[in-house]
Amino acid sequence: MLKKCIQNTIKDVHLDQSGAALITALLIVSVMSITALAVIENLRFSMKLTSNLSQREQARLYALGAEQLAMSTIEAARKVNSGQDNARYPELDGWTQKPLFFPIDGGTIKGQVKDGANCFNLNALVKTEDNETLIADEVSIEKFANLLEYTGISNAESIALANSVVDWIDTDSTPRYGGAEDADYAISAIPYRTGSTLLADVSELKVIKGFEPDMVEKLRPWLCVRPSLNLTKLNVNTLTIQDLPLILGYLGKQFDEVAVNNILAERPVSGFSSLDEFFSLSVFGEDAMPIEQRQYYALASDFFELNAQISYYQTMISLHSILQISQGGDITVISRRYGSF
């Protein structure tokens, strides 16, 4: 009897162990299945990520290719016109008058070049003193205030806005009329300080006293930032009626919209052959333009801007490049900004 009970007990234990082993095996299979699914999903994600990164890198290379093509075209146009004084570069009309489209496998390249000289260089609002200190440049400030006023901003506010930019860039701590220095920005909800150095982008205006984001966007077509303290020389052969506030800002309050329209109307189709021809226009009168003001105009541009958009499969990127031409004809990329569209 005892022997039979022991045998039954052993049999029950074996049955319990078999059941436990089966449950354990099923549990292991379930865990392995879940793990395998996770691995497959991670692999799929990694492959997708790799594909996206590969596409983005290829799109970036296409953008750089568009930049190189633009540089080569500008360089070639400069050489073709090297013996001509006006150097209007008609060879660039295909790039500047409308966007160019280039088909590529999996997408397109869209590019357009525009004159990068016809804008107000915000860094010109200051000049150096003893090659170290940045101080206000009154001539540039007057031209900038004029530009702002011609866009509809009051005279007092235009002067205050110009002074705010000067205070942001200069290296002193004394605010100008309507301007602001560190002490003013320190009491903001989020305290910060002035840059006390040259601007790197027009968008920096948005943190300067008086400049609202919508105002900055409105002014952007006529403003730029260049790595120089000099005002950009306006290209009299490429200015258009859209540049009206800029032109009037440079010319001063003795000129008006009618005068600018006359300047553009009297410009020869092939462009002015010399600055003397430009300054001899009837709109300038018998006294023409003062000698000290003639330095702000030119027949050719030292800067160009490229806007390229690359559509490559599911990737879309944009590239904005600023190109500078040296007196020797060499072209340098002074800034490059990527984005999306």
Of the residues in the stretch 206-250, those that are over 21 Å from the mean Cα position of the chain (by Cα), among the β-branched types (V, I, T) and in a helix (DSSP H, G or I) come to I241, I247
Can you tell me which residues in the stretch 294-338 are touching an Asp or Glu at 6+ places or on another chain (Cβ under 9 Å), of a type in the set (G, A, S) and over 30 Å from F278 (Cα atoms)? A308, S321, S335
Filtering the stretch 149-184 for residues that are in contact with a Pro (Cβ under 6 Å, 6 or more places away or on another chain), touching a residue at least 24 places away in the same chain (Cβ under 8 Å) and charged (D, E, K, R) leaves a count of 1
Within the stretch 310-341, residues being surrounded by fewer than 21 Cβ atoms within 10 Å (Cβ to Cβ), modelled with pLDDT of 95 or more and polar (S, T, N, Q) number 2
Hey, does the stretch 222-239 have a residue that's without any contact (Cβ under 8 Å) to a residue 12 or more places away in the chain, surrounded by fewer than 19 Cβ atoms within 10 Å (Cβ to Cβ) and not charged (D, E, K, R)? no
Can you find a residue in the stretch 250-265 that is surrounded by 15 or more Cβ atoms within 10 Å (Cβ to Cβ) and under 18 Å from G116 (Cα atoms)? yes
Does K143 qualify as being in contact with a helix residue (DSSP H, G or I) (Cβ under 6 Å, 6 or more places away or on another chain) and either within 21 Å of D170 (Cα to Cα) or at pLDDT 95 or above (or both)? yes
Answer yes if at least one residue in the stretch 276-292 is closer than 28 Å to T171 by Cβ and surrounded by fewer than 16 Cβ atoms within 10 Å (Cβ to Cβ), and no otherwise. yes
Go through (1) crowded, with 20+ Cβ neighbours inside 10 Å; (2) closer than 27 Å to S321 by Cα; (3) in contact (Cβ under 8 Å) with a residue 60 or more places away in the chain one by one and return the number of the condition N146 breaks. (2)
If I ask for residues that are of a type in the set (S, T, N, Q) and at pLDDT below 95, which ones from the stretch 198-229 would you list? S228
Whichever residue in the stretch 98-129 is surrounded by 14 or more Cβ atoms within 10 Å (Cβ to Cβ) and of a type in the set (K, R) and, among such residues, is farthest from the chain's Cα centre (by Cα): K127
When the residues of the stretch 275-299 are narrowed to those that are assigned to a loop (DSSP other than H, G, I, E, B) and touching a residue at least 24 places away in the same chain (Cβ under 8 Å), which ends up farthest from S154 (Cα to Cα)? L299
Answer from E138, E132 - the residue that is surrounded by fewer than 19 Cβ atoms within 10 Å (Cβ to Cβ), among the charged types (D, E, K, R) and either touching a strand residue (DSSP E or B) at 6+ places or on another chain (Cβ under 8 Å) or modelled with pLDDT under 95 (or both): E132
Of all residues in the stretch 122-140, how many are in contact with a helix residue (DSSP H, G or I) (Cβ under 9 Å, 6 or more places away or on another chain) and of a type in the set (S, T, N, Q)? 2
So S173, is it among the polar types (S, T, N, Q) and modelled with pLDDT under 95: yes
Only listed residue being within 32 Å of the chain's Cα centre (by Cα), assigned to a loop (DSSP other than H, G, I, E, B) and closer than 23 Å to E138 by Cβ, chosen from F272, F255: F255
Checking V216 against (1) buried (at least 20 other Cβ atoms within 10 Å of the Cβ); (2) without any contact (Cβ under 8 Å) to a residue 40 or more places away in the chain, which test does it fail? (1)
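The values are calculated or read from the model by the stated rules, or taken from the named source; none is laboratory data. On a predicted model such as this, the values are computed, not experimentally measured, just so you know. Cβ sites come from the backbone with ideal geometry, for glycine too, and all protein chains shown count toward neighbours.
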